[in-house]
Amino acid sequence: MSHAVEINKLSRHFGSFKAVDEISLTVSHGEIFGFLGANGAGKTTAIRMLCGLLLPTGGNGTVAGCDIMKEPEKIKTKIGYMSQKFSLYGELTGRENINFYGSVYGMNKREISSRIDELTEKLQLQDLLHRQSHSLPVGWRQRLALAVALLHQPKIIFLDEPTGGVDPIFRRKFWSTLYDLGEEGITIFVTTHYMDEAEYCGRISIMHQGKIVEMGKPFDLVARHKAENLEQMFIGLINERGSSGA
Amino acid sequence: MRKIKFIATKEFYHILRDPKSLAIAIAMPIMMTFLYGYAINLDIEHVTIGIIDYDKTAESKELTDAFYESSYFSRPEVEVLDSDAEALLRSSHAIGLLYIRPGFSDALLNGRQFELGMTIDGSDNNLSAAVLNYSNGLVFQFMLDHLPHGVEIPKVDIATQNLYNPDLKSSHFFVPGLVALILMMISAMLTSITIAREKETGTMEQLLTAPVSPRQILLGKILPYIFLALLDGFLVLVVAKLFFGIPFAGSQLLLFAFGLIYVATALALGILISSLTKTQQVAMMLAQMTTLLPSVMLSGFIFPIKNMPLLLQLISNIVPARFFVVIIRGITLKGAGLEILAAQGLYLIILMAVLMLVAAKKFSTRIA
Amino acid sequence: MRQALFGLIRKEFIQVFRDRNMLRLIFLMPIIQLLLFGYVVNIDVKDIDLDVYDFDRSSESRELVQATSANNYFTPHDTVIALRNLEDNFQNSSSDMAIIIPHDFSEKLMRKESPTIALISDGSNANSTAIGTGYMAQIVQSFTKGYYWVEPPLKIRFDVLYNPEAESVYYMVPGIVATLLTMITVMLTSMAIVREREVGTLEQLLVTPIKGRVLLIGKLIPFAILGLLEIVIALTAGVLWFQVPFVGSPILLFALAGLYLITPLGIGLFFSNVTSTQQQAMFFAWFFSVFAILTSGFFTPISNMPMWMQYITYLNPMRYFMEIVRAIMMKGATLPDLTFQVGVLIFYGISIFSLSALRFSKRTA
């Protein structure tokens, strides 16, 4: 297993609609990979396939060394996932949420509580462990959701728009946490709509109408398209493609 | 006026684009009509009775036939064992057991006193009372037919006449009353849920920031439900006419007028509920508790009000369905006119006015 | 996977106990409904409003009128003699029946001829009309006895088992127990999964390595436990408050309730899978409840229904459980008496549950 994620011509069709159309990419261990695209470009469908939630209709690939087509359940033991909804149980406190997800991953009490101690230090969870999570501000819920995704020490985490609705200060803190995780060797696969965040990524890909239309280091891409910044490049690319596609 | 129309159109789209919920809103009343019309049936028929005949004569055979040939009774599906006949009652294979002891035909032919024995499963007290009555009647008639020559029993004859429903069909009683329940269900419950939904998703705030008055919003929101309620009411009445032969003796215009007053009352209730709640779930629960449950239980729709404890009888006076049930039965079955139903109508109007006032006040203070 | 199962169950209970509305729904509703149903669900016919048109005005006719109020069968109202009133009182439901006693009633009675009285009914309430007519026949028959001294030679001696006091609440409480159990479990389970889907936590669960069937069982066990708790609450309230006798074995009832629960849980699960919002799930659960209650024989005997409707009732799992609860509580039925019902419930439980479980695959959810 030389790459954390390696997919080749992966497709997902819903009837005649090609939500994801033969995408190929590789992500190395410890890389922060930005997965960009306009709304409805097929990002969520692609992520769901990578996480083993959806079976592809064509192509092949591995995630954390496991076959996407054949071993979706095994993938799940090796990855962490955080959705844009910060899916937590509102009635449960922070600690209860973590305990619950820990038990779902088959961890015993001792493992969970020592892991909570580690994560508390890393993510500053101390204030939110004893409060019901529906009463927490968005930024705190985001940290708790990240803690849940990291709980079972996955090698790869998938983050689907992890900073929606969070203020800039929290976003900055969040990204510095992601950098720390990257240095520990954890692969991060992240989608975002914020171009300043995309710049933090090692490499990015841009999806449009089910296909990956561009991939590379953020600044290489800006240079290649002779744009002033990433945002201009992104908008230019989408407009150009959109008109040709229509 | 145009604004109201816009909101109403939007609400119509809401309803039409959730086909699963719409299907339920249309299918529910129709299913309920068929179920109440056919399944809730108090006319005792085909009660299974086991007959244990120890006499084994032509007369005892004749009595057995008299029981099974009447529409009231039928044979059990399993064989009656002399040894443990009561097992039939325990396993609900039969409701009653008639024992014909030896000597029956002898006593009958000679006009001597004789007692038949009958064991009844009394758990359903209404059913057992009916079995008791019918068996008594059957045996009395059997006896009159077999009196020895020259013996006559003088009696007081009762000439009976059943008005409005000569065949005594239960469906005549339940189906018109059901309209009261369904109008309440659609008008009060759906409106309260839909307003709560707009609050929950934040679109109500959006609407209020637009240059429309709360009253216009309200009117626009409820118009489609008035339409849906009247459509449902109409469907039920069509089914009532076609499948159950409900006579529609009285004025349809009068029924429509009272129907509108009743729907307005129900809508006022729905608006009141929605202004007291913030989430769909709570609205649904509150609506069930304050509209649906009383309309089924305390309206006289199925259960006679005079059987209830005094407290519940008093409460039934503020249940709008109670008055509408009397009105709709009066008009459809008995051809009652305005002069007969004036008291009920007036009471309904008063209820409507009070509820409207309270609802309007709560709605503007809570929402605007 | 034991940790996962226990974790799920613990989570589900914490959620229920922190949600006030849910708590009310689960614990207060059954008691309120039991009380309301216990007092209201009663189709006994008594206190029939009887308009009296006595043209005879004799002591005999007065005696007959007096006799009608025995046992609270009728409430006689002496009416101004003007027959055109008769229908008015029917039309606004202020009177149910009218009796007309002709002017020659006492005269014929004395001469031992058979006099005729007229009984006119508002037939729209078929049931009370039929029963009221029966009452009147009984009353008149025993009234006649006093004048003719004739004992009919053929009689039936009745022996009423199980509920000789004819208390309708004894019959209704077991029915309410079955109804409540069905309604609450179907309602709660149908919302359970759709709610997690709406909030997004279902997706989070599905990317974990948890097994589909563990997830399924972990979601259902808490509701099964709540359902059984529900039965205990309702039965205790019924026995203590309404003094309903409990003849059979509570353990058998409890065990069969556990068996029955598989079916409503499976149905709720099915609704949860085919709907996308809580509101839809609520409507589905409600639709089912109405069907289940009306075809269960809860209010009126199934044998009264038309034949095709009786076949439909065989589809309703609650029908069998209703029979079981009533038979155990009232008649002391034992397992051999209930083989048919139990067999059908096992069949329904297995098929409905596997159908729902099949639909609930981790991928498509």
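Just to confirm my filter: which helices (runs of 4 or more DSSP H) fall fully inside the stretch B:144-237 and include at least 3 residues that are touching a Phe, Trp or Tyr at 6+ places or on another chain (Cβ under 7 Å) and either within 12 Å of chain C (Cβ to nearest Cβ) or without any contact (Cβ under 8 Å) to a residue 12 or more places away in the chain (or both)?
Passing ranges, in order: B:170-184.
Identify all residues within the stretch B:21-56 that are farther than 27 Å from B:Ile120 by Cα and either crowded, with 16+ Cβ neighbours inside 10 Å or of a type in the set (S, T, N, Q) (or both); write none if there are none. It would help to see each step written out before you state the result.
Within the stretch B:21-56, the subset farther than 27 Å from B:Ile120 by Cα is B:21-37.
Those that are farther than 27 Å from B:Ile120 by Cα and either crowded, with 16+ Cβ neighbours inside 10 Å or of a type in the set (S, T, N, Q) (or both): B:Ser21, B:Ile24, B:Ala25, B:Met28, B:Pro29, B:Met32, B:Thr33, B:Phe34, B:Leu35, B:Tyr36, B:Gly37.
In the stretch B:91-114 there is at least one residue matching the filter, namely being touching a Pro at 6+ places or on another chain (Cβ under 6 Å) and either part of a strand (DSSP E or B) or within 28 Å of B:Leu147 (Cα to Cα) (or both). When the stretch C:19-32 is filtered for residues that are within 8 Å of chain B (Cβ to nearest Cβ) and either touching a Pro at 6+ places or on another chain (Cβ under 6 Å) or buried (at least 17 other Cβ atoms within 10 Å of the Cβ) (or both), only C:Leu25 remains.
Taking the stretch C:88-112, which residues are within 7 Å of chain B (Cβ to nearest Cβ) and either among the acidic types (Asp, Glu) or under 34 Å from the mean Cα position of the chain (by Cα) (or both)?
Correct list: C:Asp88, C:Phe90, C:Gln91, C:Asn92, C:Ser93.
Of the residues in the stretch C:1-60, how many are of a type outside the set (Ser, Thr, Tyr) and assigned to a helix (DSSP H, G or I)?
38
Table: residues versus (1) in contact with a helix residue (DSSP H, G or I) (Cβ under 6 Å, 6 or more places away or on another chain); (2) among the basic types (Lys, Arg); (3) modelled with pLDDT under 85; (4) within 17 Å of B:Leu292 (Cα to Cα).
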site	(1), (2), (3), (4)
B:Leu231	no, no, no, no
B:Pro247	no, no, yes, no
B:Phe256	no, no, no, no
B:Val263	yes, no, no, yes
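Consider C:Phe288 carefully, then state whether it is within 13 Å of another protein chain (Cβ to nearest Cβ) and either part of a helix (DSSP H, G or I) or within 29 Å of B:Ile186 (Cα to Cα) (or both). It is true that C:Phe288 is within 13 Å of another protein chain (Cβ to nearest Cβ) and either part of a helix (DSSP H, G or I) or within 29 Å of B:Ile186 (Cα to Cα) (or both).
Looking at A:Glu118, A:Glu197, A:Glu184, which one is of a type in the set (Asp, Glu), within 14 Å of the chain's Cα centre (by Cα) and more than 14 Å from chain C (Cβ to nearest Cβ)?
Among A:Glu118, A:Glu197, A:Glu184, only A:Glu197 is of a type in the set (Asp, Glu), within 14 Å of the chain's Cα centre (by Cα) and more than 14 Å from chain C (Cβ to nearest Cβ).
The helices (runs of 4 or more DSSP H) found entirely in the stretch B:308-368 that carry 3 or more residues being over 17 Å from the mean Cα position of the chain (by Cα) and farther than 26 Å from B:Leu178 by Cβ are B:338-366. Contact map, the stretch B:1-25: first residue under 20 Å from B:Thr203 (Cα atoms) and in the same structural domain as B:Leu218 (by TED's automatic domain parsing), second residue of a type in the set (Val, Ile, Thr) and in a helix (DSSP H, G or I), Cβ cut-off under 7 Å, separation 6 or more or different chains; pairs are B:Ile7/B:Ile217.
From the residues in the stretch A:90-115 that are farther than 20 Å from C:Val207 by Cβ and assigned to a loop (DSSP other than H, G, I, E, B), which one is nearest to the other protein chains (Cβ to nearest Cβ)? Selected residue: A:Glu91. Restricted to the stretch B:99-117, and to residues there that are within 8 Å of chain C (Cβ to nearest Cβ) and touching a strand residue (DSSP E or B) at 6+ places or on another chain (Cβ under 7 Å), the residue that is nearest to C:Ala333 (Cα to Cα) is B:Gly117.
Pairing each residue of the stretch C:286-309 that is farther than 25 Å from B:Ala94 by Cβ with any residue that is assigned to a helix (DSSP H, G or I) and among the aromatic types (Phe, Trp, Tyr), provided the two are 6+ apart or on different chains, yields C-beta distances under 9 Å for C:Phe288/C:Phe271. Are any residues in the stretch A:1-44 of a type in the set (Ser, Thr, Tyr) and either at pLDDT 90 or above or surrounded by 18 or more Cβ atoms within 10 Å (Cβ to Cβ) (or both), and if so, which ones? Those that are of a type in the set (Ser, Thr, Tyr) and either at pLDDT 90 or above or surrounded by 18 or more Cβ atoms within 10 Å (Cβ to Cβ) (or both): A:Ser11, A:Ser24, A:Thr26, A:Ser28, A:Thr44.
So for the stretch C:282-291 (the condition being more than 19 Å from C:Ala192 (Cβ to Cβ) and either in the same structural domain as C:Ala224 (by TED's automatic domain parsing) or modelled with pLDDT of 90 or more (or both)), does at least one residue qualify?
Yes, the stretch C:282-291 contains a residue that is more than 19 Å from C:Ala192 (Cβ to Cβ) and either in the same structural domain as C:Ala224 (by TED's automatic domain parsing) or modelled with pLDDT of 90 or more (or both).
Can you tell me which of C:Leu259, C:Leu265, C:Leu269, C:Leu253 is surrounded by fewer than 19 Cβ atoms within 10 Å (Cβ to Cβ) and either away from chain B (no Cβ under 14 Å) or not in a loop (DSSP other than H, G, I, E, B) (or both)?
Only one candidate passes the filter, namely C:Leu259.
If you check B:Leu267, B:Leu311, which single one turns out to be at pLDDT 85 or above and closer than 17 Å to B:Ser187 by Cα?
Residue meeting the stated conditions: B:Leu267.
Going by the structure shown, is B:Val80 of a type in the set (Val, Ile, Thr), within 22 Å of B:Thr57 (Cβ to Cβ) and either outside any helix (DSSP H, G or I) or more than 9 Å from chain C (Cβ to nearest Cβ) (or both)? Yes, satisfied.
Sub-7 Å Cβ pairs linking a first residue in the stretch B:31-56 that is more than 11 Å from chain C (Cβ to nearest Cβ) to a second residue that is surrounded by fewer than 24 Cβ atoms within 10 Å (Cβ to Cβ) and of a type in the set (Asp, Glu), at least 6 apart or interchain, are B:Ile52/B:Asp82, ordered by first then second residue. Residues that are facing another protein chain (nearest Cβ under 9 Å), in a loop (DSSP other than H, G, I, E, B), under 26 Å from C:Pro245 (Cα atoms) and hydrophobic (A, V, I, L, M, F, W, C) within the stretch C:292-326 comprise just one, C:Phe299.
The values are calculated or read from the model by the stated rules, or taken from the named source; none is laboratory data. This one's a predicted model, so the numbers in the text were calculated from it and none came from an experiment. Positions of Cβ are generated from backbone atoms using ideal geometry, with glycine treated the same way; all protein chains shown enter the neighbour counts.
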